[in-house]
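Step one of this worksheet: look at the structure below.
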Amino acid sequence: MPRPYNRHVICADLHCHSTASDGTLAPAELAARAKAAGVNLWALTDHDDISGQSQAKQAAAACGLPFLCGVEISVSFADVTVHIVGLGIDPENPELLAGLAHTRSGRERRAQAMAQGLAHVGISGAYQGALQYVGNPSLISRTHFARFLVAQGHCQDTSEVFRRYLTPGKPGYVPHEWATLGQAVQWITHAGGVAVVAHPGRYPFSPTAEYALFSEFKQHGGQAVEVITSAHSSADAARYADLALEFNLLASTGSDFHSPTESRCDLGSMPPLPGQVTPVWEALQHRVH
(Lines give C-alpha, C1' and ligand atoms only; values in the text may rest on other atoms or scores of the structure.)
Protein backbone atom coordinates (compact mmCIF):
# COMPACT_ATOMS: atom_id res chain seq x y z
CA MET A 1 0.00 0.00 0.00
CA PRO A 2 1.42 3.43 -0.88
CA ARG A 3 2.44 5.70 1.98
CA PRO A 4 1.55 7.80 3.88
CA TYR A 5 -0.89 5.48 5.62
CA ASN A 6 -0.40 6.83 9.12
CA ARG A 7 -3.61 6.21 11.06
CA HIS A 8 -3.91 9.91 11.85
CA VAL A 9 -3.66 11.27 8.30
CA ILE A 10 -5.38 8.73 6.03
CA CYS A 11 -8.71 9.75 4.54
CA ALA A 12 -10.51 6.42 4.28
CA ASP A 13 -14.12 5.90 3.21
CA LEU A 14 -14.95 2.22 3.59
CA HIS A 15 -18.74 2.24 3.33
CA CYS A 16 -20.79 3.50 0.37
CA HIS A 17 -23.34 2.30 -2.18
CA SER A 18 -23.71 2.38 -5.96
CA THR A 19 -26.45 1.65 -8.46
CA ALA A 20 -25.60 -2.03 -7.96
CA SER A 21 -27.73 -1.79 -4.79
CA ASP A 22 -29.53 1.35 -3.56
CA GLY A 23 -27.13 4.17 -4.47
CA THR A 24 -27.78 6.64 -7.26
CA LEU A 25 -24.26 6.82 -8.75
CA ALA A 26 -22.50 4.16 -10.79
CA PRO A 27 -19.35 2.62 -9.29
CA ALA A 28 -17.08 4.59 -11.63
CA GLU A 29 -18.81 7.84 -10.67
CA LEU A 30 -18.27 7.04 -6.99
CA ALA A 31 -14.58 6.38 -7.61
CA ALA A 32 -14.18 9.76 -9.28
CA ARG A 33 -16.12 11.50 -6.52
CA ALA A 34 -14.06 9.83 -3.80
CA LYS A 35 -10.81 10.79 -5.51
CA ALA A 36 -11.95 14.40 -5.93
CA ALA A 37 -12.88 14.51 -2.24
CA GLY A 38 -9.36 13.55 -1.19
CA VAL A 39 -10.13 9.95 -0.22
CA ASN A 40 -6.98 7.83 -0.32
CA LEU A 41 -8.47 4.46 0.63
CA TRP A 42 -11.92 3.55 -0.68
CA ALA A 43 -14.30 0.59 -0.57
CA LEU A 44 -17.59 0.00 -2.36
CA THR A 45 -19.97 -1.94 -0.08
CA ASP A 46 -23.24 -2.57 -1.89
CA HIS A 47 -26.03 -4.42 -0.12
CA ASP A 48 -25.82 -8.19 -0.57
CA ASP A 49 -24.22 -7.87 -4.00
CA ILE A 50 -20.75 -7.56 -5.52
CA SER A 51 -21.69 -6.87 -9.15
CA GLY A 52 -20.24 -3.34 -8.98
CA GLN A 53 -16.82 -4.42 -7.73
CA SER A 54 -15.14 -4.95 -11.10
CA GLN A 55 -16.11 -1.51 -12.39
CA ALA A 56 -15.18 0.11 -9.09
CA LYS A 57 -11.77 -1.58 -9.03
CA GLN A 58 -11.01 -0.55 -12.62
CA ALA A 59 -12.14 3.05 -12.08
CA ALA A 60 -10.17 3.34 -8.85
CA ALA A 61 -7.03 2.04 -10.55
CA ALA A 62 -7.49 4.48 -13.43
CA CYS A 63 -7.50 7.46 -11.07
CA GLY A 64 -4.84 6.16 -8.68
CA LEU A 65 -7.21 5.51 -5.78
CA PRO A 66 -6.30 2.58 -3.48
CA PHE A 67 -9.33 0.28 -3.32
CA LEU A 68 -10.72 -2.54 -1.18
CA CYS A 69 -13.42 -4.88 -2.48
CA GLY A 70 -16.37 -4.84 -0.11
CA VAL A 71 -19.97 -5.79 0.57
CA GLU A 72 -22.66 -5.08 3.18
CA ILE A 73 -24.62 -8.16 4.25
CA SER A 74 -28.09 -8.00 5.80
CA VAL A 75 -28.38 -10.05 8.99
CA SER A 76 -31.25 -10.90 11.33
CA PHE A 77 -30.24 -10.63 14.99
CA ALA A 78 -32.71 -10.52 17.90
CA ASP A 79 -35.54 -9.58 15.48
CA VAL A 80 -33.56 -6.58 14.21
CA THR A 81 -31.94 -6.17 10.79
CA VAL A 82 -28.22 -5.61 11.35
CA HIS A 83 -25.65 -4.90 8.64
CA ILE A 84 -22.24 -6.52 8.52
CA VAL A 85 -19.69 -4.99 6.15
CA GLY A 86 -17.02 -7.17 4.59
CA LEU A 87 -13.76 -5.47 3.61
CA GLY A 88 -10.94 -6.91 1.53
CA ILE A 89 -13.08 -9.77 0.23
CA ASP A 90 -12.40 -11.93 -2.80
CA PRO A 91 -15.47 -11.09 -4.95
CA GLU A 92 -15.14 -14.40 -6.79
CA ASN A 93 -15.27 -16.60 -3.69
CA PRO A 94 -17.92 -19.30 -4.35
CA GLU A 95 -19.16 -19.52 -0.76
CA LEU A 96 -19.64 -15.77 -0.55
CA LEU A 97 -21.41 -15.63 -3.92
CA ALA A 98 -23.79 -18.45 -2.96
CA GLY A 99 -24.58 -16.84 0.38
CA LEU A 100 -25.30 -13.46 -1.17
CA ALA A 101 -27.54 -15.04 -3.83
CA HIS A 102 -29.55 -16.76 -1.11
CA THR A 103 -29.86 -13.53 0.87
CA ARG A 104 -31.11 -11.63 -2.19
CA SER A 105 -33.70 -14.24 -3.11
CA GLY A 106 -36.38 -13.06 -0.67
CA ARG A 107 -36.31 -9.38 -1.63
CA GLU A 108 -38.92 -9.54 -4.41
CA ARG A 109 -41.48 -11.30 -2.21
CA ARG A 110 -40.86 -8.76 0.52
CA ALA A 111 -41.25 -5.89 -1.94
CA GLN A 112 -44.59 -7.23 -3.18
CA ALA A 113 -45.81 -7.44 0.41
CA MET A 114 -44.61 -3.89 1.08
CA ALA A 115 -46.58 -2.66 -1.94
CA GLN A 116 -49.70 -4.40 -0.66
CA GLY A 117 -49.34 -2.69 2.69
CA LEU A 118 -48.99 0.70 1.04
CA ALA A 119 -52.01 0.00 -1.19
CA HIS A 120 -54.10 -0.53 1.94
CA VAL A 121 -53.47 3.10 2.92
CA GLY A 122 -54.22 4.48 -0.53
CA ILE A 123 -50.80 4.37 -2.23
CA SER A 124 -51.21 2.26 -5.34
CA GLY A 125 -48.63 1.10 -7.85
CA ALA A 126 -45.76 1.22 -5.36
CA TYR A 127 -44.03 -1.95 -6.55
CA GLN A 128 -43.85 -0.91 -10.20
CA GLY A 129 -43.04 2.62 -9.11
CA ALA A 130 -40.15 1.50 -6.93
CA LEU A 131 -38.75 -0.57 -9.81
CA GLN A 132 -38.21 2.67 -11.75
CA TYR A 133 -35.46 3.53 -9.23
CA VAL A 134 -33.81 0.11 -9.13
CA GLY A 135 -30.58 -0.54 -10.98
CA ASN A 136 -30.60 -4.21 -9.94
CA PRO A 137 -34.17 -5.61 -9.60
CA SER A 138 -33.01 -8.46 -7.36
CA LEU A 139 -31.95 -5.82 -4.81
CA ILE A 140 -35.18 -3.84 -4.57
CA SER A 141 -35.29 -2.27 -1.12
CA ARG A 142 -37.12 0.19 1.12
CA THR A 143 -34.93 2.97 -0.26
CA HIS A 144 -36.37 2.46 -3.75
CA PHE A 145 -39.90 2.64 -2.37
CA ALA A 146 -38.94 5.79 -0.49
CA ARG A 147 -37.72 7.49 -3.67
CA PHE A 148 -40.98 6.61 -5.43
CA LEU A 149 -43.09 8.02 -2.59
CA VAL A 150 -41.11 11.27 -2.62
CA ALA A 151 -41.45 11.58 -6.40
CA GLN A 152 -45.21 11.06 -6.07
CA GLY A 153 -45.49 13.82 -3.47
CA HIS A 154 -46.49 11.64 -0.53
CA CYS A 155 -43.53 12.91 1.52
CA GLN A 156 -40.97 15.70 1.25
CA ASP A 157 -37.90 13.46 1.56
CA THR A 158 -36.88 9.86 2.07
CA SER A 159 -36.41 10.33 5.81
CA GLU A 160 -40.09 11.27 6.14
CA VAL A 161 -41.07 8.22 4.09
CA PHE A 162 -39.23 5.90 6.46
CA ARG A 163 -40.79 7.56 9.53
CA ARG A 164 -44.35 7.40 8.16
CA TYR A 165 -44.42 4.23 6.12
CA LEU A 166 -41.37 1.95 6.18
CA THR A 167 -40.35 1.27 9.78
CA PRO A 168 -41.79 -1.36 12.16
CA GLY A 169 -45.45 -0.74 12.88
CA LYS A 170 -45.96 1.37 9.74
CA PRO A 171 -48.10 0.24 6.77
CA GLY A 172 -45.27 -0.41 4.30
CA TYR A 173 -42.94 -2.26 6.65
CA VAL A 174 -42.42 -5.98 6.10
CA PRO A 175 -39.79 -7.88 8.10
CA HIS A 176 -37.41 -10.17 6.27
CA GLU A 177 -35.41 -13.12 7.51
CA TRP A 178 -31.88 -12.36 6.40
CA ALA A 179 -28.67 -14.32 6.92
CA THR A 180 -27.62 -15.19 10.45
CA LEU A 181 -24.77 -13.32 12.07
CA GLY A 182 -22.60 -16.43 11.98
CA GLN A 183 -23.28 -17.01 8.28
CA ALA A 184 -22.39 -13.46 7.29
CA VAL A 185 -19.15 -13.44 9.24
CA GLN A 186 -18.20 -16.85 7.85
CA TRP A 187 -18.85 -15.82 4.23
CA ILE A 188 -16.69 -12.73 4.68
CA THR A 189 -13.82 -14.40 6.49
CA HIS A 190 -13.77 -17.42 4.16
CA ALA A 191 -13.52 -14.92 1.29
CA GLY A 192 -10.36 -13.49 2.88
CA GLY A 193 -12.03 -10.38 4.27
CA VAL A 194 -12.56 -8.65 7.59
CA ALA A 195 -16.09 -8.55 9.02
CA VAL A 196 -17.23 -5.19 10.43
CA VAL A 197 -20.35 -4.30 12.45
CA ALA A 198 -21.81 -1.43 10.42
CA HIS A 199 -23.17 1.73 12.11
CA PRO A 200 -24.01 0.06 15.45
CA GLY A 201 -25.50 3.27 16.81
CA ARG A 202 -28.46 2.88 14.45
CA TYR A 203 -29.83 -0.30 15.99
CA PRO A 204 -32.58 -0.12 18.65
CA PHE A 205 -30.80 -2.44 21.06
CA SER A 206 -30.76 -2.24 24.81
CA PRO A 207 -27.26 -2.21 26.34
CA THR A 208 -27.67 -5.92 27.13
CA ALA A 209 -28.73 -6.83 23.58
CA GLU A 210 -25.94 -4.72 22.08
CA TYR A 211 -23.40 -6.47 24.29
CA ALA A 212 -24.81 -9.80 23.11
CA LEU A 213 -24.41 -8.68 19.49
CA PHE A 214 -20.76 -7.80 19.96
CA SER A 215 -20.05 -10.93 21.99
CA GLU A 216 -21.55 -13.25 19.37
CA PHE A 217 -19.93 -11.31 16.53
CA LYS A 218 -16.54 -11.74 18.16
CA GLN A 219 -17.16 -15.44 18.80
CA HIS A 220 -17.91 -16.01 15.12
CA GLY A 221 -14.64 -14.36 14.08
CA GLY A 222 -15.75 -10.77 13.50
CA GLN A 223 -12.83 -8.38 13.68
CA ALA A 224 -13.99 -4.75 13.44
CA VAL A 225 -16.66 -2.14 14.13
CA GLU A 226 -17.56 1.13 12.43
CA VAL A 227 -16.63 3.85 14.89
CA ILE A 228 -16.93 6.84 12.58
CA THR A 229 -19.95 6.93 10.25
CA SER A 230 -22.62 9.42 9.23
CA ALA A 231 -25.20 7.87 11.57
CA HIS A 232 -22.99 8.40 14.64
CA SER A 233 -22.77 11.45 16.85
CA SER A 234 -19.48 12.31 18.51
CA ALA A 235 -20.81 10.58 21.63
CA ASP A 236 -21.58 7.46 19.58
CA ALA A 237 -18.06 7.52 18.13
CA ALA A 238 -16.57 7.69 21.62
CA ARG A 239 -18.81 4.84 22.81
CA TYR A 240 -17.90 2.53 19.93
CA ALA A 241 -14.23 3.38 20.20
CA ASP A 242 -14.46 2.18 23.80
CA LEU A 243 -16.30 -0.98 22.71
CA ALA A 244 -13.67 -1.60 20.04
CA LEU A 245 -11.03 -1.54 22.75
CA GLU A 246 -13.10 -3.68 25.13
CA PHE A 247 -13.72 -6.38 22.51
CA ASN A 248 -10.28 -6.05 20.89
CA LEU A 249 -11.84 -5.03 17.58
CA LEU A 250 -10.35 -2.94 14.79
CA ALA A 251 -12.00 0.38 14.00
CA SER A 252 -13.51 1.30 10.63
CA THR A 253 -14.87 4.47 9.10
CA GLY A 254 -17.24 5.26 6.25
CA SER A 255 -19.78 7.80 5.11
CA ASP A 256 -22.51 5.27 4.13
CA PHE A 257 -22.94 7.52 1.08
CA HIS A 258 -25.89 6.71 -1.20
CA SER A 259 -26.68 9.87 -3.12
CA PRO A 260 -25.56 13.49 -3.51
CA THR A 261 -29.09 14.64 -2.58
CA GLU A 262 -30.08 12.08 0.07
CA SER A 263 -27.03 11.27 2.16
CA ARG A 264 -26.15 12.90 5.46
CA CYS A 265 -22.59 13.50 4.37
CA ASP A 266 -20.42 13.19 1.28
CA LEU A 267 -17.66 10.75 0.52
CA GLY A 268 -14.46 11.54 2.42
CA SER A 269 -16.07 14.04 4.79
CA MET A 270 -15.90 12.02 8.02
CA PRO A 271 -13.63 13.04 10.91
CA PRO A 272 -10.55 10.89 11.63
CA LEU A 273 -10.66 7.84 13.84
CA PRO A 274 -9.84 8.41 17.50
CA GLY A 275 -6.16 7.94 18.18
CA GLN A 276 -6.55 5.12 20.70
CA VAL A 277 -8.13 2.60 18.29
CA THR A 278 -6.42 0.42 15.70
CA PRO A 279 -7.62 1.21 12.16
CA VAL A 280 -9.03 -1.69 10.18
CA TRP A 281 -6.75 -0.98 7.23
CA GLU A 282 -3.74 -2.05 9.25
CA ALA A 283 -5.03 -5.62 8.81
CA LEU A 284 -5.89 -5.17 5.13
CA GLN A 285 -2.82 -3.76 3.47
CA HIS A 286 -2.31 -7.01 1.54
CA ARG A 287 -5.85 -6.75 0.14
CA VAL A 288 -5.59 -3.22 -1.29
CA HIS A 289 -5.74 -2.89 -5.08
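All conditions but one from (1) among the hydroxyl-bearing types (Ser, Thr, Tyr); (2) in a strand (DSSP E or B); (3) open to solvent by 10 Å² or more (accessible area, probe 1.4 Å) apply to SER51; the one that does not is (2). Whether a residue is of a type in the set (A, V, I, L, M) and in contact with a His (Cβ under 8 Å, 6 or more places away or on another chain) was assessed, and ALA151 does not pass this test. Of the residues making up the stretch 15-38, those that are buried (at least 24 other Cβ atoms within 10 Å of the Cβ), in contact with a Gly (Cβ under 6 Å, 6 or more places away or on another chain) and part of a loop (DSSP other than H, G, I, E, B) are HIS15, HIS17, SER18. Close contacts from the stretch 88-113, counting a first residue that is of a type in the set (Asp, Glu) and a second that is open to solvent by less than 50 Å² (accessible area, probe 1.4 Å) and not in a helix (DSSP H, G or I), with Cβ to Cβ under 9 Å and a gap of 6+ residues or different chains, come to ASP90/CYS69; ASP90/ALA191; ASP90/GLY192; ASP90/GLY193; GLU92/ILE50; GLU92/ALA191; GLU95/ALA191; GLU108/ILE140.
Whenever a residue of the stretch 262-289 is at negative phi and touching a residue at least 12 places away in the same chain (Cβ under 8 Å), its partners that are open to solvent by 70 Å² or more (accessible area, probe 1.4 Å) and aliphatic (A, V, I, L, M), lying with C-beta atoms within less than 7 angstrom and at least six residues away or across chains, give the pairs GLN276/LEU245; VAL277/LEU245; HIS289/ALA61. Taking the conditions exactly as written (modelled with pLDDT of 95 or more, open to solvent by 10 Å² or more (accessible area, probe 1.4 Å) and closer than 23 Å to LEU96 by Cβ), does GLN152 satisfy them or not? Answer is no for this residue. Scanning the stretch 213-239 for residues being among the hydroxyl-bearing types (Ser, Thr, Tyr) and within 13 Å of GLY254 (Cβ to Cβ) gives a total of 2.
Within the stretch 133-161, the set of residues being in contact (Cβ under 8 Å) with a residue 24 or more places away in the chain and among the acidic types (Asp, Glu) comprises ASP157 only.
For the stretch 127-134, check the following and say yes or no: at least one residue is open to solvent by 60 Å² or more (accessible area, probe 1.4 Å), under 20 Å from LEU44 (Cα atoms) and at pLDDT below 95. Yes: the stretch 127-134 contains one or more residues that are open to solvent by 60 Å² or more (accessible area, probe 1.4 Å), under 20 Å from LEU44 (Cα atoms) and at pLDDT below 95.
Residues checked against (1) farther than 26 Å from GLY172 by Cβ; (2) touching a strand residue (DSSP E or B) at 6+ places or on another chain (Cβ under 6 Å); (3) surrounded by fewer than 17 Cβ atoms within 10 Å (Cβ to Cβ):
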{"residue": "ALA78", "(1), (2), (3)": "no, no, yes"}
{"residue": "GLU92", "(1), (2), (3)": "yes, no, yes"}
{"residue": "LEU100", "(1), (2), (3)": "no, no, no"}
{"residue": "ARG107", "(1), (2), (3)": "no, no, no"}
{"residue": "ALA113", "(1), (2), (3)": "no, no, yes"}
{"residue": "GLY117", "(1), (2), (3)": "no, no, no"}
{"residue": "GLY125", "(1), (2), (3)": "no, no, yes"}
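Filtered by the rule that a residue be farther than 11 Å from SER76 by Cβ and surrounded by fewer than 17 Cβ atoms within 10 Å (Cβ to Cβ), the stretch 175-185 gives a lone residue, GLY182.
Given GLU177, GLU226, GLU216, GLU246, which one is farther than 16 Å from LEU100 by Cβ, within 19 Å of the chain's Cα centre (by Cα) and of a type outside the set (Phe, Trp, Tyr)? Spell out the reasoning first.
Numbers: GLU177 fails: farther than 16 Å from LEU100 by Cβ; GLU216 fails: within 19 Å of the chain's Cα centre (by Cα); GLU246 fails: within 19 Å of the chain's Cα centre (by Cα).
Going through GLU177, GLU226, GLU216, GLU246 in turn, the sole match is GLU226.
The values are calculated or read from the model by the stated rules, or taken from the named source; none is laboratory data. Remember, predicted model here, so these are calculated numbers, not experimental data. Cβ atoms come from the backbone with ideal geometry, glycine included; neighbour counts cover every protein chain shown. Protein only, heavy atoms only, side chains kept; ligands, DNA and RNA dropped before computing areas. Shrake-Rupley method; radii C 1.70, N 1.55, O 1.52, S 1.80 Å.
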